[in-house]
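J.: Attaching a single structure in structure tokens format; questions to follow.
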Amino acid sequence: MALDLLIRNGSVVDGTGGPRFAADVGVRDGRIVEIGRIGGTARRTIDADGQIVAPGFIDGHTHMDAQVAWDALGSCSCWHGVTSVVMGNCGFALAPCKPDAREWYARCLEAVEDIPTEAMLAGIDWTWETFPEYLATVERLPKGINYGAYLGHSALRMYVMGERALSEAATEDDIRAMEAAVREALKAGAMGFSTSRASTHTTPDGSPVASRIAEWQEIDRLVGAMGALGAGIFQVGPDVSGGAAQRAFLDRLRQVALESGRPVMFGLISTRQGDKPNPWQYQTEFLDRSCAMGAVMWGQATTKSINAVFSLKSYLPFDVLPAWREVRSLPLEEQRRRLADPAVRARLIADEGTMKPRDNVFQGGAGATTDPRKPDYGNLFAMKGVGWDDDPTVETLSRERRKHPVEVMLDLSVENPDQLYVQPLVNESPDAVQGILSHPRTLATFSDSGAHVCQEMGSSLQTHMLSYWVRKRRAFTLEQAVKMLTADNADAWGMADRGRLKEGMAADIVVFDEDRVAPCMPTVEADLPGGARRLVQKAEGIAATVVNGVPTFENGRATGERPGKVIKGPLAKGA
Ligand SMILES: [Zn+2]
């Protein structure tokens, strides 16, 4: 029988961590059927001579819940070799949701994740109320990549408790209704249940999101409901507001893991922010100790710093100031004219002097852009490229040019309105990131794709891994790095038929040039439904991406095919 797809002459890095080998890969009916020297023909052939052939990358921490409704490609992750994602992280989701609460959910998502409400209201056909109905909707939508989803605690709590979710402890009846919804979601195919205890996660009026109001005992019961079914992952956005708060959080989290028996995942980061932050080693040692006690736990890591990204076309750190607000509301060309005017500049620089001083409150991308402190110009980089170590700080430029840092930024942005500035929020030091990634209980994931659309850009974590950690720093071999992006994540999320190139596995494949693969510079584009802006980052050096046996990208160009599926947890029928 003829093959549907034949990828010839490539160097196969199969995701197991084993050494590469020369082979062809044959695909039929969405599955890999043969790996070796393959004669004969196929309906479609990709010549991978000189290229690496690897399993498609898996990203377990995204917020594509809204975007999946309008973006069939699955950007920006799809541009970085990603073929499967998990969404619904940190308790944020669009289901379950009653019809009259849709706009409120959208506003909450905007407040936390910077997904514009206008895009959600314009771009989503809300056909669901319950989680199973949402998943059925995702199943019907045309998709360029595969999606798994968690049941999100904040959504669930608002669905069951209404307004009380934002201020009250759950009653026994509330908890029983939520437990039933957890069981229902798992049976429909949820990958698990997610929540957030992160101080950065607030509603539009600045109060904690619904999941943060929950007592731990409520979390025990809901994760316990998964424990009783013997399925489901518990994902939590951690409390990193301070050292003591994080330690208390982790201790309580361990109790959940031990009592429920379910795998637990939390964001593992290094940070200088917050009140006496713990070193990252505290978290990896916590993982070691917890696992030694019998817990199943993973730290979700990323491969780079998580940055607030600023530009003239999106946010600048000064936008909230009165003199700035006046200029920043003008059309771009008018802004550039005004920003070049010395009198205007003098007022803008004076305004900067009135900014809130820096403090020990942990800020995420949302706070850094919408409630900024006076910038630390030694931790604000003028982006020149994607090499991480190559960008000058605004402080350095200010010293070199003998100009006020604000004036330096104005000069750069007037000259080039695409100039980006990055303020590392966490993972400031490459050495810390290398230490985190090297730990056996961390996962290279956590792009946050679909969220913070104009505030951060994490979607390039996979191509950054290959270009920076493998090629530039030689910290990991290509085989190790591919394993971290594929099989390790597939195993952690229980995606038994993905993450490895092996006969019988789903044919999710990425073909790339190991000498060229790299993220491109991000740009600001107004391409969301309703015309809202977002940061877009593509990649180079990826020759082809194949999802369930069908090429979705060839040489960076979308083929227009939509072979993506819903990845269901083990309790779903036909999963
Ligand atoms: Zn998240």
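The values are calculated or read from the model by the stated rules, or taken from the named source; none is laboratory data. Since we're looking at a predicted model, the values are computed, not measured. Cβ placement follows ideal geometry from the backbone for every residue including glycine, while neighbour counts extend to all protein chains displayed.
J.: Condition (residue is of a type in the set (D, E, K, R), surrounded by fewer than 20 Cβ atoms within 10 Å (Cβ to Cβ) and out of contact with any helix residue (DSSP H, G or I) (no Cβ under 6 Å at 6 or more places or on another chain)) applied to region 105-115: is it met by at least one residue?
T.: No, region 105-115 has no match at all.
J.: Here is a further query. Keeping to region 78-96, report how many residues are touching a Leu at 6+ places or on another chain (Cβ under 7 Å) and either away from the ligand (no atom under 16 Å from the Cβ) or charged (D, E, K, R) (or both).
T.: Looking only at that region, the number is 1.
J.: Using the structure shown, decide if P417 is more than 17 Å from the chain's Cα centre (by Cα), more than 16 Å from the ligand (Cβ to nearest atom) and in contact (Cβ under 8 Å) with a residue 24 or more places away in the chain. Can you show your working first?
T.: Details: more than 17 Å from the chain's Cα centre (by Cα): yes; more than 16 Å from the ligand (Cβ to nearest atom): yes; in contact (Cβ under 8 Å) with a residue 24 or more places away in the chain: yes.
The answer is yes for P417.
J.: One residue is enough: does region 288-299 have a residue meeting the conditions in a loop (DSSP other than H, G, I, E, B), of a type outside the set (S, T, N, Q) and in contact with a Gly (Cβ under 7 Å, 6 or more places away or on another chain)? It would help to see each step written out before you state the result.
T.: Of region 288-299, the ones in a loop (DSSP other than H, G, I, E, B) are 293-296.
Still in the running and of a type outside the set (S, T, N, Q): 293-296.
Next, from what is left, pick out any that are in contact with a Gly (Cβ under 7 Å, 6 or more places away or on another chain): none.
No, region 288-299 contains no residue that is in a loop (DSSP other than H, G, I, E, B), of a type outside the set (S, T, N, Q) and in contact with a Gly (Cβ under 7 Å, 6 or more places away or on another chain).
J.: Here is a further query. Can you tell me which residue is farthest from the chain's Cα centre (by Cα) among those in region 288-307 that are under 25 Å from V470 (Cα atoms) and small (G, A, S)? Walk me through it before giving the result.
T.: To start, the set of residues in region 288-307 that are under 25 Å from V470 (Cα atoms) comprises 298-307.
Retained after the next criterion (residues that are small (G, A, S)): 299, 301, 305.
Details: G299: 14, A301: 10, S305: 13 Å.
The selected residue is G299.
J.: I need the full set of residues from region 53-67 which are in a strand (DSSP E or B) and closer than 29 Å to I7 by Cα, in order please. I'd like the intermediate steps shown before the answer.
T.: So in region 53-67, the residues in a strand (DSSP E or B) come out as 53-55, 57-59, 62.
Of everything in region 53-67, those that are in a strand (DSSP E or B) and closer than 29 Å to I7 by Cα turn out to be V53, A54, P55, F57, I58, D59.
One line per residue, one yes/no per condition, for (1) crowded, with 18+ Cβ neighbours inside 10 Å; (2) free of Cβ contacts under 8 Å to residues at least 60 places away in the same chain; (3) farther than 24 Å from G224 by Cβ:
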{"residue": "L135", "(1), (2), (3)": "yes, no, no"}
{"residue": "R140", "(1), (2), (3)": "no, yes, yes"}
{"residue": "K143", "(1), (2), (3)": "yes, no, yes"}
{"residue": "L151", "(1), (2), (3)": "yes, no, no"}
{"residue": "S154", "(1), (2), (3)": "yes, no, no"}
{"residue": "M161", "(1), (2), (3)": "yes, yes, no"}
{"residue": "R164", "(1), (2), (3)": "no, yes, no"}
{"residue": "E172", "(1), (2), (3)": "no, yes, no"}
{"residue": "R176", "(1), (2), (3)": "no, yes, no"}
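J.: Continuing with the same structure: Please specify each residue of region 444-477 satisfying the condition of being touching a residue at least 60 places away in the same chain (Cβ under 8 Å), among the hydrophobic types (A, V, I, L, M, F, W, C), touching a helix residue (DSSP H, G or I) at 6+ places or on another chain (Cβ under 7 Å) and away from the ligand (no atom under 14 Å from the Cβ).
T.: The answer is A444, M465, W469.
J.: Then there is this: Quick check on my filter: what residues within region 239-279 are within 16 Å of the ligand (Cβ to nearest atom) and touching a helix residue (DSSP H, G or I) at 6+ places or on another chain (Cβ under 6 Å)?
T.: The answer is D239, V240, V264, L268.
J.: Could you tell me which of the residues C78, C97 is assigned to a helix (DSSP H, G or I), crowded, with 22+ Cβ neighbours inside 10 Å and not acidic (D, E)? If you could, list the steps in order and put the result at the bottom.
T.: Working: C97 fails: assigned to a helix (DSSP H, G or I).
That would be C78, the only listed residue that is assigned to a helix (DSSP H, G or I), crowded, with 22+ Cβ neighbours inside 10 Å and not acidic (D, E).
J.: Could you please let me know if P405 is more than 16 Å from the ligand (Cβ to nearest atom) and either within 20 Å of the chain's Cα centre (by Cα) or surrounded by fewer than 19 Cβ atoms within 10 Å (Cβ to Cβ) (or both)? Working first, answer last.
T.: Working: more than 16 Å from the ligand (Cβ to nearest atom): yes; either within 20 Å of the chain's Cα centre (by Cα) or surrounded by fewer than 19 Cβ atoms within 10 Å (Cβ to Cβ) (or both): no.
So P405 fails the test.
J.: Would you check which residues across region 214-259 are in contact with a strand residue (DSSP E or B) (Cβ under 7 Å, 6 or more places away or on another chain), modelled with pLDDT of 95 or more and more than 22 Å from A165 (Cβ to Cβ) and list them?
T.: Across region 214-259, the qualifying residues are I233, A257.
J.: Using the structure shown, decide if R107 is modelled with pLDDT of 95 or more and basic (K, R). Step through it out loud before you land on a result.
T.: On the way: modelled with pLDDT of 95 or more: no; basic (K, R): yes.
No; evaluated as a whole, the condition is false for this residue.
J.: Only one of these conditions is not met by V223: (1) surrounded by 19 or more Cβ atoms within 10 Å (Cβ to Cβ); (2) more than 16 Å from the ligand (Cβ to nearest atom); (3) farther than 26 Å from A185 by Cα. Which number is it?
T.: Condition (3) is where V223 drops out.
Residue-by-condition table, conditions (1) of a type outside the set (G, A, S); (2) more than 16 Å from the ligand (Cβ to nearest atom):
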| position | (1), (2) |
| --- | --- |
| R102 | yes, yes |
| G123 | no, yes |
| A136 | no, yes |
| S154 | no, no |
| R183 | yes, yes |
| G189 | no, yes |
| H201 | yes, no |
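J.: Could you please find all residues in region 330-379 being over 21 Å from V112 (Cα atoms) and among the hydroxyl-bearing types (S, T, Y)?
T.: Across region 330-379, the qualifying residues are T354, Y377.
J.: Out of all the residues in region 338-388, which are touching a Leu at 6+ places or on another chain (Cβ under 7 Å), modelled with pLDDT under 95 and in a helix (DSSP H, G or I)?
T.: G365, A368
J.: Considering region 484-495 alone, what residues qualify as being part of a loop (DSSP other than H, G, I, E, B) and surrounded by fewer than 22 Cβ atoms within 10 Å (Cβ to Cβ)? Give the steps one after another, and end with the answer.
T.: Initial filter on region 484-495 (part of a loop (DSSP other than H, G, I, E, B)): 486, 493-495.
If the condition is that a residue be part of a loop (DSSP other than H, G, I, E, B) and surrounded by fewer than 22 Cβ atoms within 10 Å (Cβ to Cβ), then G494 is the only one that fits.
J.: From the set of residues in region 136-185 that are assigned to a loop (DSSP other than H, G, I, E, B) and more than 27 Å from C78 (Cα to Cα), which is modelled with the lowest pLDDT? Step through it out loud before you land on a result.
T.: Filtering region 136-185 down to residues assigned to a loop (DSSP other than H, G, I, E, B) leaves 141-142, 144-145, 167-171.
This time we only want the ones that are more than 27 Å from C78 (Cα to Cα), so: 167-171.
On the way: S167: 93, E168: 96, A169: 97, A170: 98, T171: 98.
Residue satisfying both the conditions and the ranking: S167.
J.: Taking the criterion of being out of contact with any Lys or Arg (no Cβ under 7 Å at 6 or more places or on another chain), more than 16 Å from the ligand (Cβ to nearest atom) and more than 23 Å from T477 (Cβ to Cβ), would at least one residue in region 50-70 satisfy it?
T.: Yes: region 50-70 contains one or more residues that are out of contact with any Lys or Arg (no Cβ under 7 Å at 6 or more places or on another chain), more than 16 Å from the ligand (Cβ to nearest atom) and more than 23 Å from T477 (Cβ to Cβ).
J.: For region 251-286, how many residues are in contact (Cβ under 8 Å) with a residue 60 or more places away in the chain and under 22 Å from G224 (Cβ atoms)?
T.: 3
J.: Criterion first (free of Cβ contacts under 8 Å to residues at least 12 places away in the same chain and out of contact with any Gly (no Cβ under 9 Å at 6 or more places or on another chain)) does E428 satisfy it? Even if it seems obvious, please write down each step before you answer.
T.: Values: free of Cβ contacts under 8 Å to residues at least 12 places away in the same chain: no; out of contact with any Gly (no Cβ under 9 Å at 6 or more places or on another chain): yes.
Against the criterion (free of Cβ contacts under 8 Å to residues at least 12 places away in the same chain and out of contact with any Gly (no Cβ under 9 Å at 6 or more places or on another chain)), E428 does not qualify.
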